[in-house]
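The values are calculated or read from the model by the stated rules, or taken from the named source; none is laboratory data. The model shown is predicted, which means the values in this text are computed figures rather than measured ones. Using ideal geometry, Cβ is built from the backbone for each residue, glycine included, and neighbour counts are taken over all protein chains shown.
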């Protein structure tokens, strides 16, 4: 578990740097938004392109990924029902809250956890591929559709079909998949700037998150708090429980079942906050969900390791 704790501490150190630069007055609200916009429109597309172009796609058709995808879908549906009935959440909040409930931090958190608990980082890579190749494009299309509707526009079918191509993250994902599937060999002179720009994504996300913690209301407070705590409970407790039940239903045992539950118990990804900031939709809900799930998932993961780990 030392590897997982090391990954967690690294995350919080970078978030702490964001808090400090905001506390010292070096970055304000406009600077925080600029950091999030750069992460969303420039750095993350480069990172996702590089990841998808180099990744092994064998996990896409595995039983583990099927069970993980079903657990994600069930958790999202449960969130939509609760949020709509209990909090009267609008379409945008439903999308962001669902993302916070089921979109896991499989990158800078999941990889060290997979190495520490599962002895194999490819488990995290499989869920990461599913999220960036399927979930993220769907989420972005939904948010684009909500924005278009709120603007009182009357989009055509062609407009909706073109929405994924207008989003930089989707373009990065699709471009990487095309390179991967076609086997195109890009020269080093092309990869060097892509890797350099992509390397900014995670630090920018985390520091922007830290700036928000310092400048915005404290996590767990405000009108959105009940909704946020619900998404945290879904992410830390319900999501792994659903994955466990589905895994048993599909005949999983041993290490395979353990891996599915561990992946589901990972905290909400930092991308949730970045996407919320980019669309200016339920930003505090996203921030609080990421903050508290990152803390509380430590206990959840330790409990799962004690019960299912071998």
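Results, tabulated for the structure shown:
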item: Residue within the stretch 166-186 that is exposed (fewer than 13 other Cβ atoms within 10 Å of the Cβ) and at pLDDT below 80 present; result: yes
item: Inter-residue pairs, beta-carbon under 8 Å, first at negative phi and modelled with pLDDT under 65 and in the stretch 100-125, second assigned to a loop (DSSP other than H, G, I, E, B) and buried (at least 20 other Cβ atoms within 10 Å of the Cβ), 6+ apart; result: 108/270
item: Number of the condition not met by residue 308 [criteria: (1) in contact (Cβ under 8 Å) with a residue 40 or more places away in the chain; (2) under 30 Å from residue 149 (Cβ atoms); (3) more than 21 Å from the chain's Cα centre (by Cα)]; result: (2)
item: Residue count, the stretch 189-214 (criterion: surrounded by fewer than 18 Cβ atoms within 10 Å (Cβ to Cβ) and either without any contact (Cβ under 8 Å) to a residue 12 or more places away in the chain or farther than 24 Å from residue 287 by Cβ (or both)); result: 7
item: Residue match in the stretch 278-285 (condition: closer than 22 Å to residue 169 by Cα, at pLDDT 90 or above and under 11 Å from the mean Cα position of the chain (by Cα)); result: no
item: Condition check for residue 301: in contact (Cβ under 8 Å) with a residue 24 or more places away in the chain and touching a strand residue (DSSP E or B) at 6+ places or on another chain (Cβ under 9 Å); result: no
item: Positions within the stretch 82-107 being part of a helix (DSSP H, G or I) and within 18 Å of residue 237 (Cβ to Cβ), in sequence order; result: 82, 83, 86, 97, 98, 99, 100, 101, 102
